[in-house]
Amino acid sequence: MWTVSEFHRQLEQGVLAGAREIKLVGTLTEFPRALYQLADSLEVLDLSGTGLSSLPDDFARLHRLRVLFASHNRFTALPPMLGQLPELEMLGFKACCIHSVSPESLPPRLRWLILTDNQITSLPPALGERPRLQKLMLACNQLQVLPDSLAQCGRLELLRLAGNRLQALPPPILQLPRLTWLALAGNPFTQKSEQQVLSSTAKTSILGSDLQMHELLGRGASGHVYRATRHSNGQTLALKVFQQAHTSDGAPESELAAGLAAGQHPQLLTPLATVVPPPQGELAIALPLLPAAMRPLAGPPSLRSCTRDVYAPELQLSPAMAQHILAQVTAAVRHLHLHGVLHGDLYAHNILWDPISGSALLGDFGAATLLSDLPATQARGLMQLERRALDILRDELYAAAR
């Protein structure tokens, strides 16, 4: 991680010769053309938060580039020259001001595209002509339809469409043979059920004035979790305070609605109640306080694994333990489906477990979708995605069993 001045100095001193990864910080008034000196080695470039609004026409000189992050900048369009990069497979342009995506901007080897939290109203049919596409993150835009050609993306496994303007389930979704992880909440065709859940549970809220916040227990993509105590009865619980209006999966209100709709189950980590008014002025929920021994079963996907969790090399499960974990998660998923909830992010990194007892809990409803307003055939089709996720989890657990 370097400022522009540090980058130039290190480059002049030869320290960066052959560098494969570069992250620049601070404000950039223009693209630093000195990066071209690394054209024969640079594979990962991070320009996020630098204030850039464009890339030069000859950006394709970085011919070995595989990964480009340019989130939290001022782009109004996905730069068209990106499609000229022969090795580029991952693009991250989250929370820019993008409203248009041209066919020319899509690299031929595109595998992972992040356009979360922009102003995109439509996508080009050429998106369906990227056969390697595996992960597509489009939450919190202004999409009303998806191109029919998306059905051609036979390798697409993870799709985020929450927080758009979709009036119905886009037809290509149920035609994707490998789609496994899907987020749809916060669209017009799901919002009615979300609002009904939030309204019906408002009377059971916990008063923020009744809570004493203690130490920070953890940080996640959508918020912070604290230990808290209720003044009225001494109950100790976990307090999740949402920090962002939009996440890669959708909106906190949708996450809350799904968690409340799911209700309580021994293998689910779902909200006990909302907190009104919240202690820090943000949306907050009360959760059960878990034993300190509980930990994530795996780490989230990496740049290399794309849609697959990363398990610790030292993880060792007995066949009986693997089967026990799988049985618990399967029971949790069955409960969710009976209550009309699609989890949408059924991964080992969202499963907390106790390595001694093998007790497991499925949590994190950030990508969950309420299915009650969908036709029964569509709801059943979406539940089938979750069964695919369970099959992948089964294979991973058995692979870890030695």
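The numbers here are math on the coordinates, done by the rules we state, and not lab data. Because the structure is predicted, anything quoted here is derived from the model rather than measured. Using ideal geometry, Cβ is built from the backbone for each residue, glycine included, and neighbour counts are taken over all protein chains shown.
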### Task
Would you kindly derive the ³J(HN,Hα) couplings of the range 154-162 from the backbone phi angles with the Karplus curve 6.51 cos²θ - 1.76 cosθ + 1.60 (θ = phi - 60°), listing them in order in whole Hz, with x for Gly and Pro?
x, 9, 5, 10, 10, 9, 10, 10, 4
### Message
Amide H of ARG132 versus every other amide H placed in the peptide plane: which residues, excluding those fewer than 5 positions away on the same chain, fall under 5 Å?
### Response
none
### Task
Decide, for the range 18-129, between rounded, prolate and oblate: order the square roots of the alpha carbon gyration tensor eigenvalues as a ≥ b ≥ c, take rounded if a/c falls under 1.5, and otherwise choose prolate if a/b is larger than b/c, else oblate.
oblate
### Query
When a footprinting reagent is the concern and you count Cβ atoms within 10 Å, what order do LYS94, LYS23 take, fewest first?
LYS23, LYS94
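I need the peptides 347-360, 287-300 ranked by packing, meaning the mean over residues of other C-beta atoms within 10 angstrom, with the highest value on top.
Packing proxy ranking, top to bottom: 347-360, 287-300.
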### Task
Show that you can apply the helix-only estimate: for the chain, add -39,500 (n - 2.57) for every DSSP H stretch of four or more residues, divide by all residues, and state [θ] at 222 nm to the nearest 500.
-6500 deg cm²/dmol
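Rounding to the nearest 20 debye, state how big the charge dipole of the chain is about its Cα centre with +1 on each Lys and Arg Cβ and -1 on each Asp and Glu Cβ. The partial results should precede the final answer.
Numbers: 33 positive and 33 negative charges, 96 e Å.
Charge dipole of the chain: 460 debye, to the nearest 20.
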### Phi to ³J(HN,Hα) by Karplus 6.51 cos²θ - 1.76 cosθ + 1.60 over the range 116-129, Hz, x for Gly, Pro
4, 6, 10, 10, 6, 9, 7, 10, x, x, 4, 4, x, 9
## Note on the structure
Projected convex hull area of the range 231-346, Cα atoms, direction-averaged, in nm², equals 9.5 nm²
### ³J(HN,Hα) computed for each position of the range 33-42 - Karplus, 6.51 cos²θ - 1.76 cosθ + 1.60, integer Hz, glycine/proline x
5, 4, 4, 5, 5, 9, 4, 8, 10, 5
### Query
Is the range 81-173 best put as rounded, prolate or oblate by its Cα gyration tensor, with a ≥ b ≥ c the root eigenvalues, rounded for a/c under 1.5, and otherwise prolate when a/b is larger than b/c, oblate when not?
oblate
### Message
Give me the count of lysine pairs in the chain whose alpha carbons sit under 25 angstrom apart, restricted to pairs 8 or more positions apart or on different chains.
### Response
7
### Task
Find the centroid of the Cα atoms in the range 353-402 and in the range 127-164, then give the distance between the two in whole Å.
21 Å
### Task
Please identify, among ALA162, ALA77, ALA258, the residue showing maximal mean-square fluctuation in a Gaussian network model of the chain using a 10 angstrom Cα cutoff.
ALA77
### Summary
Which of GLN119, GLN142, GLN323 fluctuates most in a GNM of the chain (C-alpha springs under 10 Å)? That residue is GLN323
### Taking N as its residue count, the alpha carbon Rg of the range 280-352 over 2.2 N^0.38 Å
1.33
### Query
Where the only charges are on Cβ atoms (+1 Lys, Arg; -1 Asp, Glu), what is the dipole of the range 191-287 about its Cα centre, to the nearest 20 debye?
180 debye
### Query
Roughly how many whole Å is it from the C-alpha centroid of the range 33-78 to that of the range 221-292?
38 Å
### Task
Set Lys and Arg Cβ to +1 and Asp and Glu Cβ to -1, take the dipole of the range 191-287 about its Cα centre, and tell me which of ALA262, ALA221, ALA251 lies farthest positive.
ALA262
### Summary
Of every Cα-Cα pair in the range 295-400, the percentage lying beyond 16 Å is 57 percent
#### Entry: Prolate/oblate/rounded label for the chain (Cα gyration tensor, a/c 1.5)
prolate
### Query
Of the beta bridges DSSP finds with both residues in the chain, what % are antiparallel, to the nearest 5?
50 percent
### Message
Taking just the alpha-carbon atoms of the range 191-287, what radius of gyration and Dmax come out, in angstrom?
### Response
12.9, 37
### the chain, relative contact order in percent, only Cα pairs under 8 angstrom and at least six apart counted
10 percent
